[in-house]
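As structure tokens, the structure follows; a few thoughts come after it.
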Amino acid sequence: MPLRVHDTRRREKVDFTTMNPGVVNMYVCGVTVYDLCHLGHARCYLAFDLIHRWLEKSGYDVNYVQNFTDIDDKIIIRANETGEDWRELVENNIATYYRDMDALNILRADKYPRCTEFVDDMISITADLIEKGNAYAADDGVYFSVESAPEKYGLLTGQNIDAVRSGAGGRVDGTGSGKRDHKDFALWKAAKPGEPTWESPWGPGRPGWHIECTAMSMDSFGEQFDIHGGGHDLLFPHHEAEIFQGECHTGCSPVVHHWLHNGFVNIDGEKMSKSLGNFWTISDILEKVDPYVLRLSLINAHYRSPIDMNEQLLKDAEKNHTRLMGVYKAALELMGINCPPLPEGDITSQVPLVKSLGLLEKMAQGFAIAMDDDFNSREACAKVLGALREMSRMLGILEGDDLGAYAQHCVEWLEDTAGSVLGVLPTREQTLVEPEEDPRRAEIAQQVEELISRRSSARTAKDWPAADAIREELTALGVVVTDTTEGPIWDLL
RNA sequence: GCACGGAUGUCAGAGCGGCUAUGAGCGGGAUUGCAGAUCCUGAGACCUGAGUUCAAAUCUCAGUCCGUGCUCCA
């Protein structure tokens with residue numbers, strides 16, 4: 001079945017095609033490294049991580065390029081505020097970026113170009129655009145003239161240039177810029193005192209924001225490539241500017257074959273913003289929430305839909321992840337070695353094992369169909385959750401070689417879906433390792449063991465009031481005790 | 001104002017012409033002294049109005065409400 005993706009420019013789901021068979025060139029706008037990464041960044045790079053993983057799973061060789069914007073007004077402003085050298089600020093934030101994304105199990109891109117390494121390319125593209133009549137130099141920099149290619153206006157957002165023309169009269173001034181038209185955007189910014197600068201034919205200065213991505217994507221892929229991604233907010237003006245620059249410079253239309261945009265994250269129904277005080281950095285969240293749980297909560301919605309982050313969502317994700325881990329761990333422990341091969345699955349069979357294998361096969365197909373349908377991770381998660389129930393049930397019924405082989409099948413099934421595609425499964429080793437001794441746990445262990453032993457005696461004597469009283473004592477200590485067939489186990493609340 | 005997207009049970013959130021998912025929550029059952037966990041199971045929804053169709057949550061039109069963007073925020 002073919003992979004279909006929603007293309008922002010064409011405004012519909014289209015069959016996914018690549019320029020070179022079996023190869024996908026994908027560019028995703030990266031972060032401007034002036035601050036820590038927040039939940040919105042996590043959503044974005046997680047969305048494209050899932051896309052990256054699924055394309056590879058589908059057999060494509062993916063060249064994934066994601067840039068760092070390492071020179072920008074915000075970086076200069078922040079460096080001035082803190083008194084830090086801007087290069088140091090950039091290095092620190094890039095290091096943190098990697099740390100956060102690694103924690104979320106986001107696979108690394110193949111390349112992370114930095115703007116400052118491609119200033120020469122940006123200058124030559126800018127010069128070419130001037131030569132072609134698409135750009136002009138002014139006192140304070142070089143601007144792209146939108147009216148030089150009006151047919152390219154609004155290709156992503158659908159905005160009508162005539163409406164903008166008539167509605168904007170005279171709004172140009174006030175910006176204090178040499179723009180001829182308010183729709184124009186900067187390709188090159190003349191240096192202001194104290195700013196980092198590069199030499200150019202238009203005097204010292206630095207590149208505009210939009211030209212960076214054009215230069216870096218072209219450096220990696222040439223004049224045309226398969227996927228360009230980014231946050232929904234970049235649609236305008238950033239990505240429309242890229243269309244102007246790239247298509248006027250190369251003469252190719254389109255430069256980008258598929259535009260993909262992810263939806264935003266809201267917090268408790270409100271837009272996440274610093275002014276509302278509901279701004280969550282990834283580091284903040286990971287202090288409270290397991291990275292796999294956060295990951296699961298963020299793939300709980302389709303990548304294009306907005307997602308509302310709240311307690312309920314995290315609670316659901318935590319519960320689901322616990323279920324996933326429970327079944328995965330049980331299957332790993334029950335997995336047999338050298339078991340005889342399993343029969344073919346068949347959902348119409350009366351034999352429970354055969355029927356169950358058939359059901360799992362059907363759910364794996366459903367998983368693939370969902371992912372092929374514009375990377376529908378929500379639907380894919382539903383298939384995994386459905387499979388968990390089936391696995392959990394069967395693992396409790398089967399015995400002997402059937403059990404060992406079935407458990408192994410479950411392990412592989414989960415690793416193939418929840419593991420390598422959704423990225424919410426730790427390694428086998430991590431799953432089987434006993435939880436580390438918490439120092440707080442060690443501190444009270446003796447006392448707790450003693451209480452539990454007394455409670456066990458009370459339970460043997462069927463003295464329930466006494467047993468429950470001891471359990472309340474344990475609760476007061478912050479300990480929860482759970483009775484299992486192998487005896488009571490306890491954990492910190 | 002213009003543009004784009006959305007409105008599905010208590011909540012989250014898929015489905016996008018015939019059957020509806022999934023998870024949480026709630027109800028019943030099995031297991032357990034109880035609780036928890038696990039398994040089985042039940043109830044409960046498609047914004048409004050019109051149209052197309054044998055058939056509409058799904059397509060069309062209109063309306064209402066909501067979100068986002070409209071110069072550097074993923």
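The values are calculated or read from the model by the stated rules, or taken from the named source; none is laboratory data. Please read these numbers as outputs of a predicted model, since none were measured by experiment. Quick reminder, even Gly has a Cβ in these numbers, built from the backbone with ideal geometry, and neighbours come from all protein chains shown. Accessible surface is based on the protein model in full, side chains and every heavy atom, while ligands, DNA and RNA are left aside. Shrake-Rupley method; radii C 1.70, N 1.55, O 1.52, S 1.80 Å.
Here are some notes:
- Considering only region A:17-271, percent of DSSP beta bridges that pair antiparallel, nearest 5: 45 percent
- Hydrodynamic radius by Kirkwood, which averages 1/r over all alpha carbon pairs of region A:371-493, in angstrom: 18.0 Å
- ³J(HN,Hα), Karplus 6.51/-1.76/1.60, whole Hz, each residue of region A:46-53, x for Gly, Pro: 5, 4, 6, 5, 5, 5, 4, 5
- Relative contact order (percent, whole number), chain A, Cα cutoff 8 Å, 6+ residue spacing: 15 percent
- When A:Tyr27, A:Tyr112 are compared by accessible area at a 1.4 angstrom probe, the order from most to least is A:Tyr112, A:Tyr27.
- For A:Ala135, distant residues with modelled amide H under 5 Å away: A:Ile130, A:Ser145
- Remark: region A:254-271, residue by residue, has Karplus-estimated 3J(HN,Hα) of x, 7, 9, 7, 9, 9, 10, 10, 8, x, 8, 10, 9, 10, 6, x, 10, 4 Hz, where x stands for each Gly or Pro and the curve is 6.51 cos²θ - 1.76 cosθ + 1.60 at θ = phi - 60°.
- Remark: chain A carries a charge dipole of roughly 1120 debye about the Cα centre, counting +1 on each Lys and Arg Cβ and -1 on each Asp and Glu Cβ.
- Region A:17-271 - percent relative contact order, Cα under 8 Å, separation 6 or more: 23 percent
- Around the amide H of A:Trp188, modelled in the peptide plane, lie the amide H atoms of A:Val142, A:Gly208, all under 5 Å away and 5 or more residues distant in sequence or on another chain.
- Spin-label proximity, A:Lys57 to region A:315-333 - amide N less than 17 Å from point 7 Å beyond Cα toward beta carbon: A:321, A:324-325, A:328
- Once C-alpha pairs closer than 8 Å and six or more residues apart are averaged by separation and normalised to the residue number of region A:439-492, the relative contact order reads 24 percent.
- Cα long-axis angle, helix A:464-476 against chain A (0 to 90 degrees, to the nearest 10): 30 degrees
- Taking every DSSP bridge with both residues inside chain A, close to 55 percent are antiparallel.
- With a threshold of 19 Å on the Cα-Cα distance, the over-threshold entries among A:Lys319/A:Lys362; A:Lys74/A:Lys288; A:Lys271/A:Lys383; A:Lys288/A:Lys315; A:Lys329/A:Lys362; A:Lys57/A:Lys315 are A:Lys319/A:Lys362; A:Lys74/A:Lys288; A:Lys271/A:Lys383; A:Lys329/A:Lys362; A:Lys57/A:Lys315.
- GluC sites (Glu not before Pro) within region A:1-94, DSSP loop, no more than 16 other Cβ atoms inside 10 Å: A:Glu84
- Taking all protein chains together, A:Lys271, A:Lys355, A:Lys183 sort by accessible area into A:Lys271, A:Lys355, A:Lys183, largest first [probe 1.4 Å].
- Each peptide in A:195-203, A:458-466 receives the mean, over its residues, of other Cβ atoms within 10 Å, and ordering these scores from highest gives A:195-203, A:458-466.
- Chain lengthening between A:Asn92 and A:Ser273 when straightened (0.36 nm per residue, less Cα-Cα): 62.9 nm
- Global form of chain A, assessed from the alpha-carbon gyration tensor, a/c cut-off 1.5: prolate
- Remark: region A:380-386, residue by residue, has Karplus-estimated 3J(HN,Hα) of 4, 4, 4, 5, 5, 4, x Hz, where x stands for each Gly or Pro and the curve is 6.51 cos²θ - 1.76 cosθ + 1.60 at θ = phi - 60°.
- Chain lengthening between A:Thr427 and A:Asp110 when straightened (0.36 nm per residue, less Cα-Cα): 111.9 nm
- Net length available on complete extension from A:Asp290 to A:Asn310 is 5.7 nm, with 0.36 nm assigned per residue and the Cα-Cα distance removed.
- Under 5 Å between amide hydrogens, built in the peptide plane, is the criterion, and for A:Asn278 it picks out A:Ser273 among residues at least 5 positions away or on other chains.
- Reachable lysines, given that their alpha-carbon falls under 27 Å from the alpha-carbon of A:Lys462 and they are not under 8 places away in the same chain: none
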